[in-house]
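Taken together, the values in this text are just the output of simple stated rules run on the coordinates, not laboratory data. Values in this document were obtained by computation on a predicted structure and should not be read as measured data. Counting neighbours? That spans all protein chains shown, and the Cβs are built from the backbone with ideal geometry, glycine included.
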């Protein structure tokens, strides 16, 4: 299995989208940038990766809320889980990989985030976006490259 650890603000919610679409919110929060949604669709279709939410958005209702968000907004991909919440995002991701990821047979993974703070432990699999633009084509290609690598895996 391949997994995308997905942040939301700065990846799916972008500065440009907020400026161009003020007040574009629903019961879940800010709307997602349609370009970022398109790029996520390309990643999921190309790699068959599953999504684990590592964003602070996961705290507002956990996995059921994230699945409801994906369904309500008709977003691409399948949200299979959220990372634990104890403060250091890199440690949260590593903990998920060492427990749930091992159980589910995760072979490849990537972290997509606009903030490198607390992500040092996963920096070798980190794709950094900018808050202004979020998930763009160049980041999409980088993510696909990481997920399609034949070497490495869960603990490398």
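Relative to the longest principal axis of the chain, what angle (0 to 90°, nearest 10) does the C-alpha long axis of helix 137-148 take?
Taking the Cα atoms of the chain, the angle to 137-148 is about 30 degrees.
Where does the stretch 2-148 land on Rg/Rh, using Cα atoms and the Kirkwood Rh? Display every interim value, and only then the final one.
Details: Rg = 14.0 Å, Rh = 15.1 Å.
Reported Rg/Rh, Kirkwood definition of Rh: 0.93.
Could you order peptides 59-67, 13-21 by the average number of other Cβ atoms within 10 Å of their residues, highest first? Intermediate values should be presented prior to the final figure.
On the way: 59-67: 14.7, 13-21: 16.6.
In decreasing order of mean packing, 59-67, 13-21 become 13-21, 59-67.
Report, to the nearest 10°, how far helix 34-47 tilts away from the longest principal axis of the Cα atoms in the chain, using its own Cα long axis and a range of 0 to 90°.
So the helix axis and the longest Cα principal axis differ by about 30 degrees.
Can you order the peptides 114-126, 135-147 by their average number of other Cβ atoms within 10 Å per residue, highest first?
Values: 114-126: 15.6, 135-147: 18.0.
Top of the packing list down: 135-147, 114-126.
By how many degrees, between 0 and 90 and to the nearest 10, does the Cα long axis of helix 62-72 differ from the longest principal axis of the chain?
Relative to the chain, helix 62-72 is tipped by roughly 50 degrees.
Pairs of alpha-carbon atoms within less than 8 angstrom and 6+ residues apart define the contacts here; what relative contact order does the chain have, in percent? Show your work: numbers first, answer last.
Working: 263 pairs, mean separation 53.2, N = 156.
Computed over the chain, the figure is 34 percent.
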